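The values are calculated or read from the model by the stated rules, or taken from the named source; none is laboratory data. All of these numbers come straight from a predicted model, not from anything done at the bench. Don't worry about glycine lacking a Cβ; one is built from the backbone with ideal geometry, like all the others, and counts go over all protein chains shown. Keep in mind that these areas ignore ligands, DNA and RNA; they rest on the heavy atoms of the full protein, side chains included. Shrake-Rupley method; radii C 1.70, N 1.55, O 1.52, S 1.80 Å.
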Amino acid sequence: MSMKTEGMRVNLIDGPDLETQDYSNSAEMKYSVLQTPRHNGKRQFCQEPFKVGTACLVAFCLLLLIVLVATIVHGKSSSVQDVTSGSAEAHKQTTCANVSELTELQALRKEKSELEKERSQLKAIIAELEASASTPVQVTTQSSRGQLTTKDSCPSGWHYFSGSCYFISVFSASWSFSQASCEQAGAHLAIIHTPEEQTFIWDLLPRGHWNAYWIGISDKKVEDDWYWVDGTKLVGGFWEDGEPNNHIDEDCCYIVKTEVLSRIATKSWYDAPCDMSRRLICEKETDASF
Ligand SMILES: [Ca+2]
Ligand SMILES: [Ca+2]
């Protein structure tokens, strides 16, 4: 192998050094110039995929890391939200339970207050009735049969008419409470059958703005089917014009004696809600003992 050939072989293997290469030989220079780019291009061609792959791998790892971090953060956030939401729901339920208990407590207190008020009223009624019953007096009056008699007697504060004594209260109570109060005294709410009896009671009542007194009749069981407290059915009655009208669920009857003088005894009955607080008229037959 000649020196020239050997030089060309070296150039083929190691590549030319363009700065130190002696290009005096034009053919050698031409060969070197032609070969060098091809040699470098092959290197770059081989290195580019690796660089791209590495970059992609790094980018993928970064993306994976970002996703991982985001997942952890989101998971923690969700957990915090779940805990917060659960705590809020528990707090809400506790608050609702407390409000319910408070409402129930207030209702019980109100009911207790009303019961205490009724108890106080009942005590006053019983005391008044017992006081009147403890001092019976002999009454000489004219019976319904027109005969004078001394056997009919009424307690102090009670008024005799035709075999019965009548008590007019100054206190007020519901219809049921009034009937119970009369029963405590061995009486009942007044049962009125005749215009004379109605007029007698009417004359006992003081006039007032709306002085109203329970009597012993109601249509609690069947609407517009009025019965006395002794179980007998009402016949007729002394209703005000337009009454009874059951205007606001009205099942109990009272007598009204207003300051208007034109109102008369035989048109003085009204129906009204039984839980209204009114004065009352008790009646007791005189053949029973006080
Ligand atoms: Ca009614
Ligand atoms: Ca009415």
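So the values come out like this:
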{"read-out": "Where region 130-285 is the region considered: accessible area per residue in Å², 1.4 Å probe", "value": "49 Å²"}
{"read-out": "Projected-area mean, region 130-285, by convex hull of Cα positions, square nanometres", "value": "9.2 nm²"}
{"read-out": "Neighbourhood charge, 10 Å Cβ-Cβ cut-off, centred on residue 268 and excluding it, Lys, Arg +1 and Asp, Glu -1", "value": "+1"}
{"read-out": "Length gained when the stretch residue 59-residue 87 is fully extended (0.36 nm per residue, less Cα-Cα span)", "value": "5.9 nm"}
{"read-out": "Cβ crowding within 10 Å averaged over residues, with 182-194, 51-63 ranked highest first", "value": "182-194, 51-63"}
{"read-out": "Residues residue 99 and residue 124, FRET efficiency given R0 of 35 Å [Cβ-Cβ distance, rounded to 0.05]", "value": "0.40"}
{"read-out": "Nitroxide proxy distance, nm - points 7 Å out along Cα→Cβ at residue 109 and residue 210", "value": "3.0 nm"}
